[in-house]
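Bear in mind that the values in this text are calculations on the coordinates, not laboratory data. Keep in mind the model is a prediction, meaning the values are calculated, not measured. Quick reminder, even Gly has a Cβ in these numbers, built from the backbone with ideal geometry, and neighbours come from all protein chains shown.
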């Protein structure tokens, strides 16, 4: 995989004077069947999350509240996506190193995943990630 496979997805947005509504459906906005959903919150200032890649799992990351940066690396190049709107999702395929930082106060990261949790699906060593040719 490469950074060219990463996509910023504009989610449907229904405007209403009572408040807006957005949604995300599997095999529509999320290009996979959703097997797991998790969220990251109460991140102390200066802390980072992620710092790994997946062998199989794909994700869509949404900033439901606040803002944060998602730093992606495919072993050749790096790109930072600043998420701060709840009607955008960032599709991250397997084989891309991901790190999240610059969390604003009260930010909420909502992540949809294509697989159940499996510790064996993680590569947590960046040097090994870069040396492993199947990512490139």
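Descriptive notes on the structure:
- If R0 equals 35 Å, the separation of the Cβ atoms of residue 47 and residue 17 corresponds to a calculated FRET efficiency of about 0.40.
- Anisotropy class assigned to region 3-108 is oblate, per the alpha carbon gyration tensor with a/c at or over the 1.5 cut-off and a/b no larger than b/c.
- At 1.567 mPa s and 4 °C, Stokes diffusion of region 1-56 via Kirkwood alpha-carbon radius, µm² per second: 87 µm²/s
- In the chain, helices alone account for a calculated mean residue ellipticity at 222 nm of -1000 deg cm²/dmol, with every DSSP H run of four or more residues adding -39,500 (n - 2.57).
- Cβ crowding within 10 Å, taken as a proxy for footprinting-reagent exposure, orders 100, 1 from fewest neighbours to most as 1, 100.
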